[in-house]
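The structure under discussion appears below in the form of structure tokens.
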Amino acid sequence: MILATVDATVCHATRTATGRCDWTRTRSRGGYFRNAVYRHWDPYEAIPAELLAQDRERLIDSDWTDEEFRGFRASIAKFGAGEEAVTEDLAPLAIALDDIDDGMFVSSQIYEEAKHAVFFDRYWREVIDPVAEARGIERLPPTDEEFFNDAYVQLFDRTEAAMHRLLEDGENTVHNRVVAYCHYHLAVESVLAQTAYYGYQAQYSDTGPEFDQFEDGTRTELDGLIEGITRIRSDEGRHVGFGMRKVQEHIEAGDVDEVIIRETLQELLPHIAGIVDDGQYDTDFDSTPLVEYASEKLSRRIEIITSRDAELPPRRGAGPDQGRRGGRCRLSRSRGPRDGLVAGDVPTADVGLAGRRALQQ
Ligand SMILES: [Fe+2]
Ligand SMILES: [Fe+2]
């Protein structure tokens, strides 16, 4: 992989007059790499241990049934396993892309996915296991097969296959790369992950959307979880923006027919719904709003990507001059009241007016 990167770097350097990277072109693409560097955060330090301890105490003191806790634990396990899976599955794309600017961004994305996995690992050790013990529930590793239903296994197996196909002889084609983006950046990162964030925000934070089922004030606020999720969402918005832009570029260039995007995403939607609407644990939680949200999110992604007029954010690079965003309390302020747009979906500080309109459609 190192050799492949070096080759691409040297090769690209010969094509540009300014050095190894074409900084002008990088900025025109939205400055994703610069944005990633500027928004760096430390998964070991940025979410204080005290905040996780508070989650732990609240869960121990809560009136949740054991089955409700088991359901919550399974959702954390799925998230953590998902972050591990995407960390591993992105490597083939880094090798397949021969553009140094793209390669730099994907390398930052692999690093960020690993950071996300670290956060969920911390949450398991500092919150989930101690709460299970306090409740007299058997401690399980986050990889226990109990947590993963068929829909989950199917979606991630398909994503792994789509990514690793790029390494096979003759398979690193534009068509296959677009299919890979559809699996990874659109289905998993955009639709599934964003739906899960939306659900967590509704269930465990007063900054989230209002669900009828929590109207009676029974919500247990988990500030440590929401703090971690907020930072992860900010990264994921950048990842999704990159994937969407790559797919849109290929459509605009006539490299692929947009029907591929529709077919791939629609084929994956039942698996996403099957994960969101697990039904394995006996709780009162009604997943209907989440399934609807996932379906709507998927339709909007297709609309935006296939719209000739939509400008995909972020167009401009984020730097010190543009202010820092991403704190816990900013979520509700940056989400529009009508459109259900999830903050962190894109780094909205960098989105032009056209981009915001496109995402709010
Ligand atoms: Fe991630
Ligand atoms: Fe991601």
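Kindly check whether there is at least one residue in region 244-257 that is over 19 Å from Ser307 (Cα atoms) and either without any contact (Cβ under 8 Å) to a residue 60 or more places away in the chain or within 16 Å of ligand 2 (Cβ to nearest atom) (or both). So far as region 244-257 goes, no, none of its residues is over 19 Å from Ser307 (Cα atoms) and either without any contact (Cβ under 8 Å) to a residue 60 or more places away in the chain or within 16 Å of ligand 2 (Cβ to nearest atom) (or both). What do you reckon, is Tyr181 away from ligand 2 (no atom under 16 Å from the Cβ), of a type in the set (Phe, Trp, Tyr) and in a helix (DSSP H, G or I)? In short, no. Is it fair to say His239 is under 19 Å from the mean Cα position of the chain (by Cα), within 16 Å of ligand 2 (Cβ to nearest atom) and under 18 Å from Tyr152 (Cα atoms)? The answer is no for His239.
Let's see how each residue does on (1) in contact with a helix residue (DSSP H, G or I) (Cβ under 9 Å, 6 or more places away or on another chain); (2) at pLDDT below 95; (3) not in a helix (DSSP H, G or I):
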site: Arg27; (1), (2), (3): yes, yes, no
site: Asp42; (1), (2), (3): yes, no, yes
site: Glu50; (1), (2), (3): yes, no, no
site: Gln54; (1), (2), (3): yes, no, no
site: Glu68; (1), (2), (3): no, yes, no
site: Ala77; (1), (2), (3): yes, no, no
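Of all residues in region 217-232, those that are outside any helix (DSSP H, G or I) have Cβ atoms under 6 Å from Cβ atoms of residues that are crowded, with 24+ Cβ neighbours inside 10 Å, 6 or more apart or on another chain, in Leu222/Asp55. Residue count for region 178-228 satisfying the condition of being open to solvent by less than 10 Å² (accessible area, probe 1.4 Å), at pLDDT 95 or above and under 23 Å from Leu59 (Cβ atoms): 5.
For region 262-270, the criterion of a residue being open to solvent by less than 10 Å² (accessible area, probe 1.4 Å) and within 25 Å of Gln109 (Cβ to Cβ) is satisfied by at least one position. Would you say Phe147 is touching a Phe, Trp or Tyr at 6+ places or on another chain (Cβ under 7 Å) and among the aromatic types (Phe, Trp, Tyr)? Answer is no for this residue.
Go over the candidates Gly274, Gly241 one by one and state the one that is of a type in the set (Gly, Ala, Ser) and open to solvent by 10 Å² or more (accessible area, probe 1.4 Å). When all the criteria are applied, what remains is Gly274.
Table: residues versus (1) within 23 Å of Gln266 (Cβ to Cβ); (2) more than 16 Å from ligand 2 (Cβ to nearest atom); (3) β-branched (Val, Ile, Thr).
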residue: Asp102; (1), (2), (3): no, no, no
residue: Ser107; (1), (2), (3): no, no, no
residue: Gly170; (1), (2), (3): no, yes, no
residue: Thr195; (1), (2), (3): yes, no, yes
residue: Gly199; (1), (2), (3): yes, yes, no
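State yes or no: is Arg231 open to solvent by 20 Å² or more (accessible area, probe 1.4 Å) and within 16 Å of ligand 1 (Cβ to nearest atom)? The answer is yes for Arg231.
The values are calculated or read from the model by the stated rules, or taken from the named source; none is laboratory data. This is a predicted model, so every value here is computed, not measured. Because the Cβ atoms are built from the backbone with ideal geometry, glycine has one as well, and the counts that use them run over all protein chains shown. All accessible areas refer to the heavy atoms of the entire protein, side chains included, with ligands and DNA or RNA removed. Shrake-Rupley method; radii C 1.70, N 1.55, O 1.52, S 1.80 Å.
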